[in-house]
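Below you'll find the structure, written out as structure tokens, and then a few comments.
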Amino acid sequence: SDPSNPLEGEVWYNSTSNVLKAYGNTAGTWASGTALPLARSLAVTIGITTAGMVVLGGTPTSPTGYMPVPTATTEWDGSNWTTGGVVNHGEGSMQLGFGILTAAVIAGGYQALPTIPGLATSEEYDGTTWTTSNDMSEAHSDGTAAGTLTAGLAITGANAPSFVGAETEEYNGTSWTAGGNLGQGRARPQGSSCGTQTAGLCIGGEGYTTTVEQYDGASWTAAPSLNSGMYNGGASGTQTLALAYGGHPALNTTESYNGSTWSAENTLGTGRGYCNGMGTHTAAMYCGGQPGSGYVATVEEWTAGLGVITFTDS
């Protein structure tokens, strides 16, 4: 018979029903969530689905850039969006952000097109107030990040003219230092990331690469590739249980990772890029972005649970 309290990953044969079964993640789905108060693109999302926030990003008032920049944080409590603390630097594209709602870091970015001056500034958030912290080692105009306030990993973008970079920087709660370089340089790099400073993932990148790399706190090494390329999408979870979704210009694909294989999952309702994700492998949010030329306030929530899986011969 089926065990009364199966463990995740457990597999058994039910001799009564003559079927092979397992206990693991069942198919997840995206559902519409509460829209952002303001349409945003190129914003940072930090936290989990019951305590998260969207920081900065651009608003759709000009065809040439990402201004004006909303400097107030938009916080999520699992039910409602509310206004949080005001940042000290109004970067228009700040894709470096990590931590939790009450202990977060944002860094780098640029202010407006067409000059795109890269910035080195960073700030810390305590759930109420943003405080300026030490600058990054170099200015960076785009990138992606993972980790915590005291152990952060910034997978940085490069400045003009090439915008191609392989650099990473690590944050210890006080200062920034150089980390290991990616094996494959990426433009800006505009991939997605999740995990921690000592167990992180960099997923995809400009050019719709399928490349995935993993970080052990010192070096990047090749990890199993995505099934389809993506860039400027979202990611959430850990190095061995990850979810990657969306991407420029209007990708709606979702893939899950178990530490060895990427698998196609149910797609987003609205494909879009230029936004980050928050949450975990089983509970994630994808907020705002660009499904085309315009910005949206669309929010979708991902839910995947544990349950009994029955294997068939079909």
What is the one condition in (1) more than 16 Å from the chain's Cα centre (by Cα); (2) in contact (Cβ under 8 Å) with a residue 12 or more places away in the chain; (3) open to solvent by 50 Å² or more (accessible area, probe 1.4 Å) that D313 does not satisfy? (2)
Residues that are at pLDDT below 90 and not acidic (D, E): does the stretch 250-267 have at least one? no
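Here is a yes/no grid of residues against (1) within 20 Å of L119 (Cα to Cα); (2) open to solvent by 60 Å² or more (accessible area, probe 1.4 Å):
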| residue | (1), (2) |
| --- | --- |
| E169 | yes, no |
| N172 | yes, yes |
| G180 | no, no |
| Q184 | no, yes |
| A199 | no, no |
| A223 | no, no |
I'd like the full set of residues that are in contact with a Phe, Trp or Tyr (Cβ under 7 Å, 6 or more places away or on another chain), part of a loop (DSSP other than H, G, I, E, B) and not hydrophobic (A, V, I, L, M, F, W, C), limited to the stretch 21-41. G28, T34, P37
Enumerate the pairs (first residue in the stretch 3-32 and β-branched (V, I, T); second residue anywhere and part of a loop (DSSP other than H, G, I, E, B)) with beta-carbon separation below 8 Å, excluding pairs fewer than 6 apart on the same chain, so at least 6 apart or on different chains. T16/S1; V19/T312; T26/A304; T26/G305; T29/N266; T29/A304
Taking only the stretch 247-302 into account, find how many residues are more than 22 Å from L56 (Cα to Cα), open to solvent by 30 Å² or more (accessible area, probe 1.4 Å), in a loop (DSSP other than H, G, I, E, B) and of a type outside the set (S, T, N, Q). 3
I need a count of the residues in the stretch 8-19 that are part of a strand (DSSP E or B) and open to solvent by 80 Å² or more (accessible area, probe 1.4 Å). 2
Answer yes or no as to whether G92 is surrounded by 16 or more Cβ atoms within 10 Å (Cβ to Cβ), under 25 Å from Y171 (Cα atoms) and at pLDDT 95 or above. no
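The values are calculated or read from the model by the stated rules, or taken from the named source; none is laboratory data. Small disclaimer: the values here were computed from a predicted structure and weren't measured. Cβ: placed from backbone, ideal geometry, glycine included. Neighbour counts: every protein chain shown. For the accessible areas, the whole protein counts, side chains as well, though only heavy atoms, and no ligand, DNA or RNA atoms are used. Shrake-Rupley method; radii C 1.70, N 1.55, O 1.52, S 1.80 Å.
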